[in-house]
There are 2 protein chains.
Amino acid sequence: MSPSKKVCILGSGNWGSTAARIVGGNVVKLADFDDTVKLWVYEELVNGRKLTDIINTEHENVKYLPGHKLPKNVVAVSDAIEAVKGATHIIIVIPHQFIKHLLDTVRGSILPNATAISLIKGIGISDRGMTTMTQTIHRTLAIPVSSLSGANIADEIAEEKYCETTIGCHDPDEAIVWRSLFNTPYFQVNCVADVIGVEFCGALKNVVAVGAGFIDGLGLGNNTKAAIIRIGFLEMRRLAMHISGAHIQESTFMESCGIADVITTCYGGRNRRLAEEFVKTGKPMPQLEKEMLNGQKLQGYLTAEEVHSYIDSCGVTDHFPLFTNIYQICYEHKPPYTIFAGLNVDFSRDTQTPSSPAAML
Amino acid sequence: MSPSKKVCILGSGNWGSTAARIVGGNVVKLADFDDTVKLWVYEELVNGRKLTDIINTEHENVKYLPGHKLPKNVVAVSDAIEAVKGATHIIIVIPHQFIKHLLDTVRGSILPNATAISLIKGIGISDRGMTTMTQTIHRTLAIPVSSLSGANIADEIAEEKYCETTIGCHDPDEAIVWRSLFNTPYFQVNCVADVIGVEFCGALKNVVAVGAGFIDGLGLGNNTKAAIIRIGFLEMRRLAMHISGAHIQESTFMESCGIADVITTCYGGRNRRLAEEFVKTGKPMPQLEKEMLNGQKLQGYLTAEEVHSYIDSCGVTDHFPLFTNIYQICYEHKPPYTIFAGLNVDFSRDTQTPSSPAAML
């Protein structure tokens, strides 16, 4: 019997190539999966050679994950339609600004029984509510979409340092399949039934990291940073309940995508570093992005603005003093030390009551 | 009307002197409190002068909190009986190995309507269960005893860097009084009704810090450390429920004494540092204590042994893989890399169900 399932990966940046290493290694051990993993690569020339050619001959993405070999069953293709052809399991891991174009390209070519998983960070929040990446993908492709997020710095995973991740998947059987594709001894997957909760945590932690960066910029210590992480984490949880009703499960916040990713991002991470420099230099965030990150856009301070738009329109800024202070420091020239104003909020009643159990989406 | 209340502080080390700075500053603003705060000092000579004399003339504990003035209404005394005389509010903040002797000294001299608060870290766990410092104090003095713990590195607080702390107090009216004695704009107090939960967190976080130190010693990265912190935190919470029934409240773990202190201790802290050196040098913990800390005893690896004795006698080591691995690395010559063995535990069902609400002690 030939394998009935086939996986493809759309995106071959740092995180996509890392995912290809993991999935490519696992898929050959799974009898119901075709060994070949098509990896869609946005074609570019590296030292005069096509990146797809380099990957297919050297088995290394020399541009985005140098120093780590990809399994030989990972085959790079430059045509996204060719990549998704026959794929039952589609892993989407491209920068979020390119998602619309990619989805429009592949929408007519995917199998009707295909299923997808998004490794993309970034949700949209406005005064009308929240839209997540899995919702955007689902609306265009009309297939089930799961999510994956966690305390996952790609380079550390490529070095096979132990870590955890969280998969959000509504269907318990599909969750087992996604887990079998991603789980390794050094990359431990936990599955939850809360797709958007996983995405929410992955986006909102960047706002907390901006706050942590301010603390570093102010030269304050470990106590202070731990206080900001604690309050930020609890405001994340509070916002999730407010913006999603009971659709996001409180327990998701204790998974790798929640508390662990908040911690990692507040100690390492570029959002933290940008915020630290913001305090030290007084330069605006966009200018610092240009100087420090070659113009690459970071999510933290943009998400802070979106969150503020939402809580302000709902009239609940008082319930989110840290998020409000971070917004005002970023956008309203408040001095960084005002981050501490009014933080003595009681979060102890925020836990879900038995009368409002988290609904599965 | 003369003030009806009087506070004293038993202990003048680094943390006791920091507490004296805070409480001494607050008490003069509280009409029902006597302005004078007696500070019991274990008398010793510093450069040929009595430490009590130095504190009462220079208003600085030059040995344990140099560089920070104490308020002039803080009066050092070398006689513990004199310190507690007439005190309605007794703050106890001495190294735990001296507590028995101190309690025996003052037990006949305290007011019958006095109340106490323990700032002491350290609980005792054996195969028969857990005894906390507030329980020990309560059994000897027969007065109500509250607890205070949080992400509180004393030197950072003395420098008035913003942080939070948690007071565990059964009586809501007394909680307000303790809060008024400790709360400042830079030292934010939250009160919970869970006295032993606060103490439990303060002790168990040191075991997690040993695990975090092993990760640092192994040269692993942020992802890995965040995973260990997450799992350690959840094993702490699980152990609390196991060892205390529903007496410890789950919500206490989200206070400063819980998640924030775990984070601080796993990034700074001496337990973490000792464990890092343990991995790097292969020397036994007691030898490293002698070399690095002038023989001072740390709690982390001792508490790890106590925890193991308890979970082993209950036959539940499988439910605490991280605590078990940390114990075996410390005491059974297992290599540090075995810290990852069997960590894929499901904690998602650990939250308290409505049928077992946390009881107030």
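The values are calculated or read from the model by the stated rules, or taken from the named source; none is laboratory data. In this text, all values refer to a predicted model and were calculated from it rather than measured experimentally. All Cβ positions, even for glycine, are placed from backbone atoms using ideal geometry, and neighbour counts span all protein chains on display. Surface areas here come from the heavy atoms of the whole protein model, side chains and all, with no ligands, DNA or RNA. Shrake-Rupley method; radii C 1.70, N 1.55, O 1.52, S 1.80 Å.
Structure summary
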read-out	value
Accessible surface buried once B binds A (1.4 Å probe; total of both sides; Å²)	3500
Fully extended contour minus Cα-Cα distance, from B:THR131 to B:HIS242, at 0.36 nm per residue	38.5 nm
Whole-percent carbon and sulfur share, accessible surface of segment A:88-130, 1.4 Å	55
A:SER348-A:LEU30 FRET efficiency (beta carbon distance; Förster radius 41 Å; 0.05 resolution)	0.35
Gaussian network model of chain A, Cα within-10 Å springs - most flexible of A:ARG273, A:ARG139, A:ARG49	A:ARG49
Shielding by partners - mean other protein chain Cβ count within 10 Å, residues of A:340-349	3
Accessible area per residue, Å², segment A:197-360 with all protein chains present, probe 1.4 Å	35
Order of exposure, largest accessible area first, which applies to A:ARG270, A:ARG230, B:ARG349, B:ARG21 with probe 1.4 Å	B:ARG349, A:ARG270, B:ARG21, A:ARG230
Among B:THR57, B:THR134, B:THR265: highest mean-square fluctuation, GNM of chain B, C-alpha pairs under 10 Å	B:THR57
Area accessible to solvent at A:ILE9, 1.4 Å probe radius, in Å²	0
All-pairs alpha carbon distance profile, the protein assembly as shown, 10 Å steps from 0, percent	3, 14, 23, 24, 18, 10, 5, 2, 0, 0
Chain B - mean residue ellipticity at 222 nm from DSSP helices (-39,500 (n - 2.57) per run, n ≥ 4, rounded to 500)	-13500 deg cm²/dmol
Cα-projected label distance for B:HIS59 with B:MET292, points at 7 Å along beta-carbon direction, nm	3.9
Candidate residues A:MET254, A:MET236, A:MET292: accessible-area rank, largest first, probe 1.4 Å	A:MET292, A:MET254, A:MET236
Antiparallel %, DSSP beta bridges [both residues in the protein assembly as shown], to 5	30
Cα shape, segment B:1-120, gyration tensor, a/c 1.5 rule	oblate
Simple label model, 7 Å out from Cα along Cβ direction - B:SER313 to A:GLU305, nm	6.0
Accessible area (Å², 1.4 Å probe, nearest 10) - A:SER309	50
Amide H contacts under 5 Å for B:LEU10, placed H, 5+ residues apart	B:TRP40, B:ILE91, B:ILE92, B:VAL93
Per-residue ³J(HN,Hα) for segment B:267-278, Karplus 6.51 cos²θ - 1.76 cosθ + 1.60, θ = phi - 60°, Hz, x for Gly and Pro	9, x, x, 7, 4, 4, 5, 4, 5, 4, 5, 4
Accessible area of A:ASP318 in the full protein assembly, 1.4 Å probe (Å², nearest 10)	130
Placed amide H near B:CYS191: partners under 5 Å, 5+ positions off or other chain	B:ILE167
Alpha-carbon centroid distance for the pair segment B:79-100 / segment A:281-315, whole angstrom	51
